[in-house]
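See below for the structure under consideration.
Only the coordinates and a few stated rules stand behind these numbers; no lab work does. This one's a predicted model, so the numbers in the text were calculated from it and none came from an experiment. Cβ coordinates were reconstructed from backbone atoms using ideal geometry, including for glycine residues, and neighbour counts include every protein chain displayed.
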Amino acid sequence: MRDPRYDILFTPVQIGPVRTKNRFFQVPHCNGMGHAMPLAHAAMREVKAEGGWAVVSTEECEIHPTGDLTPYVEARLWDDRDIPALALMCDKVHAHGALAAVELTHNGPTASNLYSREVLIGPSHQPSKYGYPSQARAMTLKDIREYRRWHKEAALRAKRAGMDIIYVYAAHDLSLPMHFLQRRRNHRSDEYGGTLENRVRLLREVLQDTREAVGDKCAVALRFATDELLGPEGVELSEAHDIVGLLAELPDLWDVNLAAWYNDSVPSRFAPEGAQESFVSFVKKLTTKPVVGVGRFTSPDTMVSQIRRGVIDLIGAARPSIADPFLPRKIEEGRVDDIRECIGCNICVSGDMTISPIRCTQNPTMGEEWRKGWHPERLPPRRHASRVLVVGGGPAGLEAARALGQRGYDVSLAEARRELGGRVTREVRLPGLAEWARVRDWRVGQIGKLTNVSVYLDSVLSAQDVLDFGAEHVVLATGCHWRRDGFGRSNGMGIDCLAAHPSVFTLDDLMDGRLPSGNVAVFDDDGFYYASIAADLLHQHGCKVTYVTPEDSVAPWSVNTLDYRHIRKRMAKQGIDVQVSHSVAGFDGGVLMLENTWDGSRIEQACDAIVTVTARLPDDALYQSLLEREAEWTDTGIRSLRCIGDAEAPGLIAHAIYAGHRYARELEEPSTDEVAFKRHFHAAHPQDV
Ligand code: ADP
Ligand code: SF4
């Protein structure tokens with residue numbers, strides 16, 4: 001039974017002509033599947049509706065070929081032929097009593113038109129946003145009329161597809177109505193430029209057009225960024241007050257957030273739950289219409305507080321709905337403990353950024369709903385009453401044990417240390433990663449509810465122990481360790497001077513509390529978050545830190561998780577010296593010699609210690625010795641042996657969770673063919689052949 005304190009979360013909200021069943025609102029979010037994989041997309045959205053979200057939205061939905069977002073794969077409503085793909089989603093969402101919403105957009109100078117080969121358009125002449133060697137041309141008044149027509153026609157198509165809520169999008173620095181608001185993008189001298197009234201004109205017109213076109217049946221939502229944190233060049237809070245004042249009653253719903261995406265979906269390392277409150281709380285004071293806002297909300301108490309204090313009316317969520325599509329249902333059923341809370345790592349964002357189907361650290365079924373038929377809450381029951389031994393209680397072992405337990409297997413989990421969590425428990429000691437403990441805590445909590453899973457701490461298993469144990473299936477999830485020999489992407493032969501030097505440290509040393517002091521260089525040949533966190537930790541410890549990388553930029557992969565700008569800003573603030581395009585050429589415990597990647601020139605600097613963040617090696621000795629003793633397996637009852645997670649190939653926590661989950665799902669199941677998932681195949685449209 002639900003806790004009565006949370007009743008308010010389950011009251012309906014009227015949004016123009018439509019009514020929600022509760023206050024849980026999955027706001028638009030990208031997913032890397034979009035128009036290219038409509039079945040996979042619809043199945044992913046359906047799971048959200050099934051999990052209790054009252055509103056389930058698409059990602060950005062392109063309305064016209066002049067606003068083509070290639071290579072990013074979003075939704076599309078260029079013409080009637082795009083309707084069936086979105087109708088598919090609407091039908092699936094409606095089947096669970098939820099409303100479907102679509103975020104219509106024309107990205108103007110932030111589009112690419114790489115596929116359509118049209119000329120980009122914008123409020124004024126300007127370079128395209130993402131570094132393409134092209135410019136957008138200034139829209140004429142006729143172009144503006146055309147754009148309004150496209151938007152209106154797309155709204156009508158969305159209505160035909162079955163959408164209940166149609167968004168007008170003016171957020172994230174990603175759509176024409178927002179670009180017209182921005183002084184830096186809008187240098188017009190006609191009635192669409194200059195004064196605020198003029199810059200707001202297009203947004204007002206599009207809102208009116210949309211209501212006129214579909215307002216009889218659909219609600220009109222306005223997604224509006226209240227601050228870009230760019231000062232007067234961008235939309236800023238003071239002006240946002242005036243804009244909300246000017247348009248207050250025009251939309252049926254205000255969806256408010258920060259721009260750009262890196263300020264909206266901030267990684268937990270850089271912003272806590274509810275961080276947008278001071279930027280959006282004013283909106284409700286200026287309108288009688290309902291307001292939805294986001295803040296990586298996973299705590300029902302925080303949600304209730306947001307509503308009671310009049311900050312927002314609907315609990316907006318992208319990431320929390322990805323990490324746990326069943327979050328609303330769990331609150332409704334009084335199972336708050338079961339919520340799989342988002343950790344704010346933004347691996348989900350990396351799907352869109354790398355143009356591949358969305359995945360999630362916490363929820364390994366995300367993106368697999370259609371292609372593998374994985375459901376976030378349901379697993380097939382075990383086929384046989386087998387015993388499974390899981391060795392290693394890091395994310396891979398924990399998830400394997402949990403999911404095997406859910407399938408009904410008799411599971412034993414052995415962990416060498418006195419605490420569970422493996423790398424998660426170690427990484428959460430690093431600055432800013434505390435919330436990542438949720439990966440461990442959720443799984444430990446779930447395992448605690450399963451009587452068929454036994455956990456043995458402080459249990460280092462040898463090959464003999466495993467053979468003696470008598471389990472039919474053995475899965476080794478024994479993790480990995482960081483190399484200290486300099487081997488990495490740029491140094492395939494390692495770096496001689498590092499291998500045995502006592503003043504060379506690894507991330508394992510740091511996580512074990514062995515920290516250097518004085519002048520310390522962090523050598524990053526990994527490119528993601530680890531090295532920047534090591535620099536952060538060492539700075540806090542009082543070291544004078546130099547960050548060195550052979551790459552041309554700091555932590556290049558962190559762009560994909562929206563960490564990059566926050567990392568750069570923090571490093572700049574901390575006064576961390578940055579040396580890009582340099583590798584380590586020599587180190588003697590007092591002097592560090594760096595070599596320029598491009599011209600081979602060398603520089604020297606005083607350096608007491610180096611922290612290498614280059615590559616890892618699997619801890620697979622147990623696996624290797626069991627392989628050597630394969631002849632003994634049958635006699636000891638072992639039918640299968642697998643090595644998974646970081647012990648197989650070091651990667652992200654997301655990879656380890658996925659490996660554990662996949663192992664558990666597939667155990668004793670008939671093997672799939674070579675391609676382990678369903679794919680989309682394109683049939684020519686009847687009109688095109
Ligand atoms: P992954 O990310 O693949 O889950 P981790 O490094 O997080 O890997 O976790 C591996 C866990 O396995 C660690 O907690 C480690 O203590 C444990 N472990 C390693 N070798 C053994 C062993 N022989 N017996 C039991 N536990 C082990
Ligand atoms: Fe949250 Fe990380 Fe999952 Fe994204 S990938 S939803 S940030 S846990």
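What is the packing order of peptides 282-292, 22-32, taking the mean over residues of other C-beta atoms within 10 Å and listing the highest first?
Ranking, from highest mean packing down: 22-32, 282-292.
How would you order 609-617, 413-421, 596-604 from highest to lowest mean count of nearby Cβ atoms within 10 Å?
Answer by packing, highest mean first, reads 609-617, 413-421, 596-604.
Can you classify the range 378-484 as rounded, prolate or oblate using the Cα gyration tensor, where a ≥ b ≥ c are the square roots of its eigenvalues, rounded means a/c under 1.5, and otherwise it's prolate if a/b beats b/c and oblate if not?
It comes out oblate by the Cα gyration axes.
Enumerate the calculated ³J(HN,Hα) couplings along the range 173-182 in order (Karplus 6.51 cos²θ - 1.76 cosθ + 1.60, θ = phi - 60°), each rounded to whole Hz, writing x wherever the residue is Gly or Pro.
Each residue's phi maps through the Karplus curve to give 6, 10, 8, 4, x, 6, 4, 5, 6, 7 Hz.
Which of rounded, prolate, oblate describes the range 596-689, given a ≥ b ≥ c as roots of the alpha-carbon gyration tensor eigenvalues and a/c under 1.5 marking rounded, otherwise prolate only if a/b is larger than b/c?
oblate
Find the centroid of the Cα atoms in the range 559-638 and in the range 46-118, then give the distance between the two in whole Å.
40 Å
Convert each backbone phi in the range 14-23 into a coupling constant with the Karplus relation 6.51 cos²θ - 1.76 cosθ + 1.60 (shift: θ = phi - 60°), then list the ³J(HN,Hα) values in order as whole Hz, x for Gly and Pro.
7, 10, x, x, 10, 10, 7, 7, 7, 9
Taking only the alpha carbons of the chain, what extent do you get along each of the three principal axes, in Å, biggest first?
77, 64, 58
Long-range amide H contacts for HIS582: which residues qualify at under 5 Å (H placed 1.01 Å from N, peptide plane, sequence gap of 5 or more or a different chain)?
Residues meeting the criterion, in which the H sits 1.01 Å from N, are THR549, GLU551, THR597.
Hey, what number do you get for the chain at 222 nm if only DSSP H runs of n ≥ 4 count, each worth -39500 (n - 2.57), divided across all residues, to the nearest 500?
Computed ellipticity for the chain at 222 nm equals -9000 deg cm²/dmol.
Considering amide H positions built from the backbone, and no H for Pro or chain starts, which residues 5 or more places from LEU641, or on another chain, come under 5 Å of its amide H?
Under 5 Å from the amide H of LEU641 lie the amide H atoms of VAL474, each far enough along the sequence or on another chain.
From the Cα trace of the range 153-205, what convex hull volume per residue do you get, rounded to a whole Å³?
86 Å³
Quick check of the Kirkwood formula: for the range 1-124, what is the inverse mean of 1/r over all pairs of different Cα atoms, in Å?
15.6 Å
Among 305-314, 655-664, 391-400, 120-129, how do they line up from the highest to the lowest mean number of other beta-carbon atoms within 10 Å?
For the peptides 305-314, 655-664, 391-400, 120-129, the packing ranking is 391-400, 655-664, 120-129, 305-314.
Report ³J(HN,Hα) in whole Hz for each residue of the range 298-310, in order, from the Karplus equation J = 6.51 cos²θ - 1.76 cosθ + 1.60 where θ = phi - 60°; Gly and Pro get x.
Working through the residues one at a time gives 10, 9, x, 5, 4, 4, 4, 5, 4, 6, 4, 7, x Hz.
Which cross-chain or sequence-distant (5 or more) residues have an amide H under 5 Å from the amide H of LYS544, H modelled 1.01 Å from N in plane?
Under 5 Å from the amide H of LYS544: GLY518, ASN519, VAL520.
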